[in-house]
Amino acid sequence: MRRSPSIVPGGEPSVYLVMDDLGGRLGRIWREVKAEATDYETVIRDLLSGQYSNPVRVVSFNTSEGWSRDVSREVAEDLQQRCTIEMREFPDSLQEFVESHQARKTA
């Protein structure tokens, strides 16, 4: 049977998930979020507003395109740029996340 290409422009959107370190016996978890809140802009907004206590990693995937990857470094860079452009204070909750992903860039 021949498979027809999708007629939906753009296919399925990419999904972004944040691993958060809750510490103690709870440890690291993938935060549960509504499907509508897994787009890039919402994840960035949630990170900047303190929705995550200690983010460790951001992973993106797109099942219709068949890929997944760690986008933590790109997200860390974008968070810094946005705070600079918007002249807003960089959230303490993101400091370790950004520092750890900058170190990987130069290592």
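The values are calculated or read from the model by the stated rules, or taken from the named source; none is laboratory data. What you see is a predicted model, and the numbers here were worked out from it, not measured in a lab. FYI the Cβ positions are ideal-geometry reconstructions off the backbone, even for glycines, and counts take in every protein chain you see. The area values use the complete protein model at the heavy-atom level, side chains included, leaving out ligands, DNA and RNA. Shrake-Rupley method; radii C 1.70, N 1.55, O 1.52, S 1.80 Å.
What number, rounded to the nearest 500 deg cm²/dmol, is the helix-based mean residue ellipticity at 222 nm of the chain, given -39500 (n - 2.57) per DSSP H run of at least four residues and division by all its residues?
-11000 deg cm²/dmol
Can you sort F90, F61, F97 by solvent-accessible area, 1.4 Å probe, largest first?
Accessible-area ranking of F90, F61, F97, largest first: F61, F90, F97.
What shape does the range 5-68 take by its C-alpha gyration tensor, where a ≥ b ≥ c are the square roots of the eigenvalues and a/c under 1.5 counts as rounded, a/b above b/c as prolate, and the rest as oblate?
Because a/c hits 1.5 or more and a/b exceeds b/c, the range 5-68 counts as prolate.
Using the Cα centre of the chain as origin and beta-carbon charges of +1 (Lys, Arg) and -1 (Asp, Glu), tell me which of S93, A37, G11 is placed farthest towards the positive end of the dipole.
Projecting each Cα onto the dipole axis, the largest value belongs to G11.
Using +1 on the beta carbon of Lys and Arg, -1 on that of Asp and Glu, and nothing else charged, what's the dipole of the chain about the Cα centre, debye to 20?
Approximately 460 debye in magnitude.
Need one value: the accessible area of Y16 in square angstrom, 1.4 angstrom probe, rounded to the nearest 10.
40 Å²
Compute the accessible area per residue over the chain, keeping the other protein chains in place, probe 1.4 Å, unit Å².
For the chain, the per-residue accessible area is 71 Å².
Would you mind counting up the charge near E41? Only other residues with Cβ under 12 Å from its Cβ, with Lys and Arg at +1 and Asp and Glu at -1.
-2
Could you work out what % of the accessible surface of the range 9-87 is carbon and sulfur, using a 1.4 angstrom probe and leaving DNA, RNA and ligands out of the count?
51 percent
Could you give the angle, 0 to 90 degrees to the nearest 10, between helix 72-85's Cα long axis and the longest principal axis of the Cα atoms of the chain?
The two axes meet at around 60 degrees.
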